[in-house]
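Below you'll find the structure, written out as C-alpha cells, and then a few comments.
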Amino acid sequence: MSQLVGRGPSAVTMERVADRVWLMRGGFPPPLVHRIMNVYFIEGPDGVTVFDAGIRSMARAIDHVGRKMGGIARVVLGHAHPDHRGAASRLAAPVWCHEHEVSYARADDGQPYTSFSKLPLVTKAGPLRLAMRVLMHHVWDGEPVQIERALAEGDEVAGFEVVHLPGHAPGQIALWRARDRLALTTDCFYMLDALTGEPCDPVMPHDAYNLDSELARESARKLARLAPEICWPGHLGPATGDVADQLRRAADRY
C-alpha cells in the first residue's frame, strides 16, 4: 500500500517493496501521466542508501523521507542520465556511482550520446522530440554531481552486490541481493513505452537514449542469468513471474 508524501506537482508516493527496501514514485502527478520516476531507499545501520536520485523536483521529498528514516548515508546512482541524477546535487550526502560513469555524472550533460533524431517528431501525445530535449536539459536535470566513491563490479553496497550492466549508459549498475533474489535494475530494461509513457511488459530502452543498444541487450541477458525473482526498474514496475524469460525475450525483440 502506498502513502502520499507532500502536496501539489512535487508530491510522491512511498511503499515498502522488500525487506529494508522502500520505493518512492515521483516525477509527474496524475492525471497527466503516471508517477514514473523510481527512487529506492535501503535501510541500514548508518541511515539509508538512496539508489537513483530521480529528477530535480524530487529533491525535497527525497531529503524529507531520508531524514525521517534516520538520514541519508549515501546516494548511489544507477547511472547519470538526467532522470536518475536530477536531485543528487541537491542532497547533503556523498554520491557514489560506477567507475565508468564518473565522468558523465560530473559533466554538464550526463547523457551526451542521446540521439534525438531517432525519436519521432510528433506522437499522439504531442511533439515528442522537442519535449524530450526540454525535459532532459531544462526540467529533469540538476547540476553536475560530485562523486565521492567509484564503484566496480562485485562491490557491496547496503547489503547488495554491484552488477555492471552497460549499454544504456557506460557505467549503469544494478544492485543485486542473492538471499531473496531481488534486483534494483535502474534502466537495464523499461516497463513503460518510451514514446507514450504507458506501462508495458519489460522492453529494452529506446535506441535514442542508449550508448550502445547491442551491449544493452547483452546486459539484459546477463541480468537474466542471475535468475531474479523480482526486478524493480527505474520506471514503474516491478517485473515478477518468470523474470529471466521476460528479460531474454526483451533482449531478443527488435
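Read-outs: derived from the displayed coordinates by stated rules, not from any lab. Because the structure is predicted, anything quoted here is derived from the model rather than measured. Glycine gets a Cβ as well: all are built from the backbone with ideal geometry, and neighbour counts include every protein chain shown.
Numerical summary
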| read-out | value |
| --- | --- |
| Kyte-Doolittle at least 0.0, axis length at least 24 Å by Cα - qualifying DSSP helices, the chain | none |
| Within-14-Å neighbourhood charge of G8 [Cβ basis; K, R +1; D, E -1] | +3 |
| Approximate shape of the stretch 121-196 as ellipsoid semi-axes (Cα gyration tensor, √5λ), whole Å, largest first | 31, 17, 10 |
| Helix-only CD estimate at 222 nm, as mean residue ellipticity for the chain, using -39500 (n - 2.57) per DSSP H run (n ≥ 4) | -5000 deg cm²/dmol |
| Gain upon complete extension [V134, T240; 0.36 nm per residue less C-alpha separation] | 34.8 nm |
| Descending semi-axes in Å of the chain, equivalent ellipsoid built from Cα gyration tensor | 23, 22, 18 |
| Burial ordering of H34, H235, fewest other beta-carbon atoms within 10 Å first | H34, H235 |
| Stretchable slack from R249 to E143, in nm (0.36 nm times residue separation minus alpha-carbon distance) | 34.5 nm |
| Alpha carbon Rg of the stretch 124-254, scaled by the compact-globule rule 2.2 N^0.38 Å | 1.08 |
| Among Q111, L128, A59 the positive-end extreme of the charge dipole of the stretch 32-129 (Cβ point charges) | L128 |
| Residues M58, M204 arranged by fewest to most Cβ contacts within 10 Å | M204, M58 |
| Expected-Rg normalisation [2.2 N^0.38 Å, Cα atoms] applied to the stretch 69-159 | 1.25 |
| Aspartates and glutamates with Cα under 13 Å of K118, excluding same-chain neighbours fewer than 8 positions away | D207 |
| Values of log10 I(q)/I(0), in the order q = 0.18, 0.21, 0.24 Å⁻¹, for the stretch 1-118 under a Debye, Cα-only, solvent-free model | -0.90, -1.16, -1.39 |
| Cβ crowding within 10 Å averaged over residues, with 155-168, 107-120, 75-88 ranked highest first | 75-88, 155-168, 107-120 |
| Approximate spin-label separation A125-A178, in nm, with each point projected 7 Å along Cα-to-Cβ | 3.9 |
| Point-to-point label distance, R221-E153, nm (Cα→Cβ direction, 7 Å offset) | 1.5 |
| Net +/- balance of residues flanking A251 in space, Cβ distance below 10 Å, scoring K and R +1, D and E -1 | +3 |
| Relative exposure of I55, I72, judged by other C-beta atoms within 10 Å (fewest first) | I72, I55 |
| Surrounding net charge for H164, when Lys and Arg each add one and Asp and Glu each subtract one, Cβ distance under 11 Å | -4 |
| Antiparallel DSSP beta bridges within the chain, percent to nearest 5 | 70 |
| Amide proton proximity set for T123, modelled H, under 5 Å, gap of 5+ | L128 |
| Computed magnitude of the charge dipole of the stretch 99-175 (debye, nearest 20; Cβ of K, R +1, Cβ of D, E -1) | 720 |
